[in-house]
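Below is one structure, written out as structure tokens, with a few remarks after it.
The values are calculated or read from the model by the stated rules, or taken from the named source; none is laboratory data. The model shown is predicted, which means the values in this text are computed figures rather than measured ones. Note that we place each Cβ from the backbone using ideal geometry, even for glycine, and neighbour counts take in every protein chain shown. Remember, those area values only see protein heavy atoms, side chains included, never the ligands or the DNA or RNA. Shrake-Rupley method; radii C 1.70, N 1.55, O 1.52, S 1.80 Å.
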Amino acid sequence: MKNMDNILNQALTPENEPDYWLIQNILSQAKEATPMKKTTPKKYVTAILSCMLAVVITSISVYAAWTYLKPDQVVRDWGESELADAFSGEDALYINETQSYGGYNVTLLGFTSGKNLTEYQYSSYENNISPSGTNDSQTESTGDFVPLTDRSYAFFAIEGERLEPWLDFTIFPVVMGYDYETYRSMFEHASGSHQEMKGDTLYFMFECNNLELFADHEIYLCVSDDLPVLSEYSYVYDNDAGILERNEQYDGLNALFSLPLDATKADPKAVAEKVAAFEQQQRDILENNITSDTSEMSNQTDEAFAFVEQITPDNIDKYATPLTEEGSVMTFVPDSQGRIDVRYGDGNRSKPAVKKLFPDGKTGYVSCTGISGENPDSLLIEYYTLNEDGSVTLQLYKPNLPE
């Protein structure tokens, strides 16, 4: 019996102190456990042995359940020690929730927020929403170009057959109570990412403006392969009714994670200032109060857009010339949602719905794409044709711009 005691003692004594993430994993499983029923004296000895064996088995299952690297491990490998400490600190959120849709297994491992947690900082003009990344190898920002230092970081582990050669989905936050179409750039402002493949797993860190300021609202992270985000296909969204749900009929990736933030961390005063500044910025843009020098090139660009606006399916051969290079003609078969997945050039992608391209029985649709670097010569015309078998053909044209 003494030998058995020694064996049990060794088996139940951990060699190393369990870290934060393991403890959180155990607590998470414990919350889901069924409450123990009362035990009669006759069953007491049996219950003790059963509990001992259960502890051994549970310990093994807890270690086995953690199949991914921890956020702080990966982030520390990236040379971000302060951010790694934040991911392993007491204020970090342990989530470890997996959702599987569209051929992907997406696991939200953890979430943290804070100021100046990373050496790599996204920056933005104070009166514009255009972001730029900066680090030690780049010159410091000057003028109105300021670094964004108060950020939130969500860490994912992603598995799937289509992870390479590119990550073909987007991650974006939705704060309920703020209409997404109106306020999305306030939350996603200069959102960025850092990723690394390790084996068959992609470790992906999403970064955006600090969401903890809005912790007294429901906050979600959407992970989707849909374009544009929050269309009627992938999510059901109604801000007035306070509804954001997955569209169960969508056959792609549309994971929806709820962030269990601590409401006491909300900062209503900072939020009020942020919302007021954002709304004023939008008014300035609409009223054209933000001005810039008008160059000869921008005048040419305006004239080019004015020219292509007159192009229709009926007169396209008069005002544009079809391209003949490889890839200038493509045919697409609509998916189960009635959409075509258009890709060409350097990652140019759209996912239009056939019913929106060809309403009221029309069989042709013209769209303009460009411009690159204020260069009118980079303008392209997309001419879509609806075929009798339901497929859609895209022919690229070059507009015959006047000299």
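Observations
- The length gained by stretching the chain between LYS355 and MET176 to full extension, at 0.36 nm per residue less their Cα-Cα distance, is 61.5 nm.
- Taking amide H positions as modeled 1.01 Å from N, with prolines and chain starts lacking one, no residue 5 or more places away or on another chain lies under 5 Å from SER191.
- LYS269 versus ARG283: modelled label distance in nm, points set 7 Å from Cα along the beta carbon direction: 2.3 nm
- R0 of 60 Å, Cβ-Cβ distance LYS362-ASP85: FRET efficiency to nearest 0.05: 0.55
- Full extension of the chain between LEU401 and ASP314 yields a length gain of 29.5 nm, computed as 0.36 nm times the residue separation minus the alpha carbon distance.
- Residue (of PRO352, VAL308, SER336) at the positive-pole extreme of segment 303-376, dipole from beta-carbon charges: SER336
- Extension gain for the segment ASP240 to ASN116, taken as residue separation times 0.36 nm less the Cα-Cα distance, is 41.1 nm to one decimal.
- Rounded to the nearest whole angstrom, the semi-axes of the ellipsoid equivalent to segment 162-226, taken from the Cα gyration tensor as √(5λ), stand at 26, 12, 10, largest first.
- R0 of 30 Å, Cβ-Cβ distance ALA306-SER391: FRET efficiency to nearest 0.05: 0.35
- Of all accessible heavy-atom area on segment 294-403, the percent that carbon and sulfur account for (1.4 Å): 47 percent
- Enclosing the Cα atoms of segment 309-403 in their convex hull gives a volume equal to 116 cubic angstrom per residue.
- Overall, the accessible surface of segment 187-252 at a probe of 1.4 angstrom is composed of carbon and sulfur to the extent of 42 percent.
- Modelled this way, with points 7 Å down the Cα-to-C-beta line, the labels at TYR344 and TRP78 are 3.5 nm from one another.
- Here the Karplus curve 6.51 cos²θ - 1.76 cosθ + 1.60, taken at θ = phi - 60°, turns the phi angles of segment 273-279 into couplings of 5, 5, 5, 4, 5, 5, 5 Hz, with x standing for Gly and Pro.
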